[in-house]
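Visitor: Below: one structure in structure tokens.
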Amino acid sequence: HADLAKRIVGLSASPYVLASVWLASSWTWFGDFPRARSYAERAVRAADESDHPYAQAIAYTWRVLPIAYRGDFAEALPLCEVAVSLCEKKELLGWLPFAYSLWGWVLAWAGRPAEGVPFIERAVTLFETVGIKAFLALRYVEWAEGQLLGHNVEDARRAAARAVDLAVTHGERASETWARCLLGEITLASAAPDLDVARSQCERARRLAEEGGFVVLEGRSHLGLGRIALMEDRRDEAHRHLAQAHRLFGKAGTPFWRARADETLTRASARSTSWSTTRASRCGGP
């Protein structure tokens, strides 16, 4: 693989573009999507002005993050396609797996996991072949989530476990948080879910998210804990977690994730009402 490695060495972008995309990524994790998007757009403008293909590949790919992580997958999809097309045409092999993985993940969330997962698999293969370790944990997270969206629970579990191992080894706290949150969701999707395991992963994800300031991931961990409490018929606890998820998603301005929390909260309220009515009836009430 020496030739492939040589084709990657020396590829770079201006410090301004790199700084802008890093700021876009950081504010995305912190749930400040308007600020993240502002920095991402600065990176795109600077990359286009320089007419540097590698800088454009980085900027075009990273501008997808604040849009996709907010849950606007329909808007993110064509932007992913632009990034992939540029990488393929210019043979930017150092950045192509990043673009592939993000595209595949967005496709999965857009309701097309059968199309998206192979792109993520291809990205992971390229990473492993070349020996790229940076962000490899995140690629496995995207792979796991794509598999889960495609209802391939065991494949999702293996990918998420690998993501945790890589994230812990390389100190990637955001990736570890997401992977553990996802492991909780994967456990709940199992035929016979182990609620203690799911709770342990979601609690660990919640603590990491609180420490790191990862607002959306904190919301997702509360959403998972709320679902677990519902399955255990602990309604008050479920309402607390789901209300917190609603608050966090509202703070981040993510209608997609807030709607998922509200849907679960509505289901919890309906179940509680049904339970109360049944109990009243049994006690001779109306």
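Visitor: Among residues other than GLY104 whose Cβ falls under 13 Å from its Cβ, what is the net charge (Lys/Arg +1, Asp/Glu -1)?
Guide: -2
Visitor: I need the fraction of alpha carbon pairs in the range 28-72 separated by more than 13 Å, rounded to a whole percent.
Guide: Values: 483 of 990 pairs.
Result for the distance tail: 49 percent.
Visitor: Then there is this: Mind checking the angle between helix 215-231 and the chain's longest principal axis? C-alpha axes, 0 to 90 degrees, to the nearest 10.
Guide: Around 30 degrees separate the two axes.
Visitor: Would you mind giving the three semi-axes, in whole Å and largest first, of the ellipsoid equivalent to the chain according to its Cα gyration tensor?
Guide: On the way: eigenvalues 295, 77, 49 Å².
Working from the Cα gyration tensor, I get semi-axes of 38, 20, 16 Å.
Visitor: In the P(r) worked out for the range 1-132, what percent of Cα pairs fall beyond 23 Å?
Guide: Within the range 1-132, distances greater than 23 Å cover 30 percent of Cα pairs.
Visitor: Could you point to the residue in GLY150, LEU230, LEU195 farthest towards the positive end of the range 99-244's charge dipole, with +1 and -1 charges on the Cβ of Lys/Arg and Asp/Glu respectively?
Guide: Selected residue: GLY150.
Visitor: On to the next question. If you take every residue apart from PRO53 with its C-beta less than 10 Å away from the C-beta of PRO53, what net charge results, scoring Lys and Arg +1 and Asp and Glu -1? Mind dumping the intermediate values first?
Guide: On the way: positive: LYS89, LYS90; negative: ASP51, GLU91.
Spelling it out: positives minus negatives among the neighbours equals 0.
Visitor: Follow-up question, since we're still on this one. If contacts are Cα pairs under 8 angstrom and at least 6 residues apart, what is the relative contact order of the range 72-205 in percent? Write out the running numbers ahead of the final one.
Guide: Details: 197 pairs, mean separation 21.6, N = 134.
The normalised contact order for the range 72-205 reaches 16 percent.
Visitor: With a probe of 1.4 Å, find how much accessible area the range 43-200 has per residue, and write the answer as a whole number in Å². Present the calculation step by step, with values, prior to reporting the outcome.
Guide: On the way: 6080 Å² over 158 residues.
Heavy-atom SASA per residue in the range 43-200 reads 38 Å².
Visitor: Using +1 on the beta carbon of Lys and Arg, -1 on that of Asp and Glu, and nothing else charged, what's the dipole of the range 141-279 about the Cα centre, debye to 20? Intermediate values should be presented prior to the final figure.
Guide: Details: 21 positive and 20 negative charges, 96 e Å.
I would put it at about 460 debye.
Visitor: Right, next: Return the single residue from ASP236, ASP72, ASP32 with maximal mean-square fluctuation; model: Gaussian network over the chain, springs between Cα atoms under 10 Å.
Guide: Answer for the Gaussian network model of the chain: ASP236.
Visitor: Once you order the gyration tensor axes a ≥ b ≥ c over the Cα atoms, which shape class does the range 137-211 get: rounded for a/c under 1.5, otherwise prolate or oblate by comparing a/b with b/c?
Guide: oblate
Visitor: Counting alpha carbon pairs within less than 8 Å and at least 6 residues apart, what relative contact order, in whole percent, applies to the range 204-245? Write down the numbers at each step before the final one.
Guide: Working: 37 pairs, mean separation 15.1, N = 42.
It rounds to 36 percent for the range 204-245.
Visitor: Okay, next question. Show me, for the range 146-157, the HN-Hα J-couplings you get by feeding each phi into the Karplus relation (A = 6.51, B = -1.76, C = 1.60, θ = phi - 60°), rounded to Hz, glycine and proline as x.
Guide: Here the 3J(HN,Hα) series is x, 5, 5, 5, x, 6, 9, 5, 5, 4, 5, 5 Hz.
Visitor: How large is the convex hull of the Cα atoms of the range 106-249 per residue, expressed in Å³ as a whole number?
Guide: Values: hull volume 14.6 nm³, N = 144.
So the per-residue hull volume is 102 Å³.
Visitor: Also, quick follow-up: Over the chain, what is the relative contact order in whole percent, taking alpha-carbon pairs under 8 Å and six or more residues apart?
Guide: In percent, rounded to a whole number, it is 12.
Visitor: Springs between alpha-carbon atoms under 10 Å, Gaussian network over the chain: tell me which of THR177, THR28, THR169 tops the mean-square fluctuations.
Guide: Looking only at THR177, THR28, THR169, the biggest GNM fluctuation is shown by THR169.
Visitor: Same structure, new question: Counting helices only, and only those DSSP H runs with n ≥ 4, report the 222 nm mean residue ellipticity of the chain as the sum of -39,500 (n - 2.57) divided by its residues, in deg cm²/dmol to the nearest 500. Please list the in-between numbers first.
Guide: Values: 15 runs with 232 residues, N = 286.
About -26500 deg cm²/dmol.
Visitor: Another question about this same structure. Projecting each Cα onto the charge dipole of the range 1-136 (Lys/Arg +1, Asp/Glu -1 at the beta carbon, about the Cα centre), which of SER25, GLY71, SER50 comes out farthest on the positive side?
Guide: SER25
Visitor: Taking all protein chains as present, what is the carbon and sulfur share of the accessible area of the chain, in % to the nearest whole number, probe 1.4 Å?
Guide: 53
Visitor: VAL21: net charge of surrounding residues, Cβ under 14 Å, Lys/Arg +1, Asp/Glu -1, itself excluded?
Guide: Net charge around VAL21: +3.
Visitor: So if I place +1 on the C-beta of Lys and Arg and -1 on the C-beta of Asp and Glu, and nothing else carries charge, what would the dipole magnitude of the chain be about its Cα centre? I want it in debye, nearest 20.
Guide: My answer is approximately 700 debye.
Visitor: Which of the listed residues, HIS246, GLY111, ALA209, is farthest toward the dipole's positive end in the chain, when Lys, Arg count +1 and Asp, Glu count -1 at the beta-carbon?
Guide: HIS246
Visitor: Can you give me the angle between helix 53-62 and the longest principal axis of the chain, using Cα atoms only, in degrees from 0 to 90, rounded to the nearest 10?
Guide: 10
Visitor: Taking the inverse of the average 1/r across all pairs of different Cα atoms in the range 173-238, what Kirkwood radius in Å do you get?
Guide: Roughly 11.4 Å, rounded to one decimal.
The values are calculated or read from the model by the stated rules, or taken from the named source; none is laboratory data. None of the values given here were measured: they were computed from a predicted structure. Cβ atoms come from the backbone with ideal geometry, glycine included; neighbour counts cover every protein chain shown. Surface accessibility is based on the protein's heavy atoms, side chains included, excluding ligands, DNA and RNA. Shrake-Rupley method; radii C 1.70, N 1.55, O 1.52, S 1.80 Å.
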